[in-house]
Amino acid sequence: MTGLSAGLSVNVSAQIGALSLEVALQLNEGTLVLAGPNGAGKSSLLALILGLRRPARGRISWAAQPLFDAAASIDVPAEARGLGWLPQGESLFPHLTAQGNVEFAVAARHPERSRAERTDRARALLERLGASSLAARKIGELSGGERQRIALARALASEPRALLLDEPLAALDATSRPAVRDFITQTICELLLPTLIVTHDRSDAAAFSARMLVLESGRVVQEGSLAELEAAPQTEFVRRFTQGT
């Protein structure tokens with residue numbers, strides 16, 4: 001998976017504890033779902049792409065722009081890579097209001113903007129995501145689904161060229177999960193942002209209607225649509241995942 005692209009190109013190797021991780025992927029338009037068992041390296045791969053961990057070898061680029069290149073000693077800082085991130089657990093600031101969390105991200109992206117401009121941008125994002133009514137509430141006062149809306153608004157506040165979502169539905173209960181899943185799917189489609197989503201749930205993968213990569217023990221073992229994986233599973237995990245067992 002080499003060559004220039006308008007999207008995100010990743011070809012990296014890294015040693016993460018006992019895990020030897022070697023992955024190549026291409027994220028252009030649309031959504032790519034990354035699935036795999038616990039310990040397969042899914043979250044570690046996101047950290048490498050984001051710049052939170054450093055690969056031992058390889059290259060990460062956006063179009064012709066290298067974000068990391070071991071051979072050329074290029075390692076663009078995480079905050080300069082232009083990638084939006086929604087981590088597990090949201091990582092929202094509990095001492096700030098919902099709007100304050102989004103304003104913080106706007107300020108990090110545009111420190112030159114006035115307080116009034118940051119406020120206007122945060123309010124516009126919350127309104128776009130149907131969360132205006134949550135603006136003045138503290139994070140501890142929000143439900144899991146409401147927190148995910150604020151976390152997504154904060155990720156979008158950085159005006160990313162691609163989104164990386166790490167199991168965005170894992171912490172939600174069965175009641176709120178379908179609505180938040182639909183909301184994330186609709187938002188991604190409307191924004192037309194290339195999006196990489198880590199999930200361990202077949203229902204989520206089916207709802208995102210995306211190309212899938214399955215990662216096991218640090219390696220991509222299968223790639224294709226959910227239907228293609230279900231028709232010809234190449235590992236026991238893929239068989240169980242596609243059958244929802």
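Laid out as a table, the results:
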| item | result |
| --- | --- |
| Those residues of the range 194-219 which are among the small types (Gly, Ala, Ser), assigned to a loop (DSSP other than H, G, I, E, B) and under 12 Å from Ala35 (Cβ atoms), in sequence order | Ala210 |
| Qualifying positions in the range 104-123 - within 20 Å of Lys138 (Cβ to Cβ) and touching a residue at least 24 places away in the same chain (Cβ under 8 Å) | Phe104, Ala105, Val106, Ala122, Arg123 |
| From Ser209, Ser203, residue being loosely packed, with under 15 Cβ neighbours inside 10 Å and within 25 Å of Leu83 (Cβ to Cβ) | Ser209 |
| Sole residue being over 30 Å from Ala131 (Cα atoms) and either in contact (Cβ under 8 Å) with a residue 60 or more places away in the chain or not small (Gly, Ala, Ser) (or both), chosen from Leu67, Leu34, Leu52, Leu27 | Leu67 |
| Count of residues meeting criterion [more than 21 Å from Ile49 (Cα to Cα) and at pLDDT 80 or above] in the range 162-178 | 1 |
| Given (1) farther than 18 Å from Asn38 by Cβ; (2) touching a residue at least 24 places away in the same chain (Cβ under 8 Å); (3) part of a strand (DSSP E or B), index of the condition Glu223 fails | (2) |
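Residue-by-condition table, conditions (1) aliphatic (A, V, I, L, M); (2) surrounded by 14 or more Cβ atoms within 10 Å (Cβ to Cβ); (3) in a loop (DSSP other than H, G, I, E, B); (4) assigned by TED's automatic domain parsing to the domain that holds Thr235:
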| position | (1), (2), (3), (4) |
| --- | --- |
| Ser9 | no, yes, no, no |
| Gln15 | no, no, no, no |
| Gly39 | no, yes, yes, yes |
| Ser43 | no, yes, no, yes |
| Phe68 | no, yes, no, no |
| Ala72 | yes, no, yes, no |
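The values are calculated or read from the model by the stated rules, or taken from the named source; none is laboratory data. Only a predicted model underlies this, so the values are computations on that prediction, with no experimental measurement involved. Note that we place each Cβ from the backbone using ideal geometry, even for glycine, and neighbour counts take in every protein chain shown.
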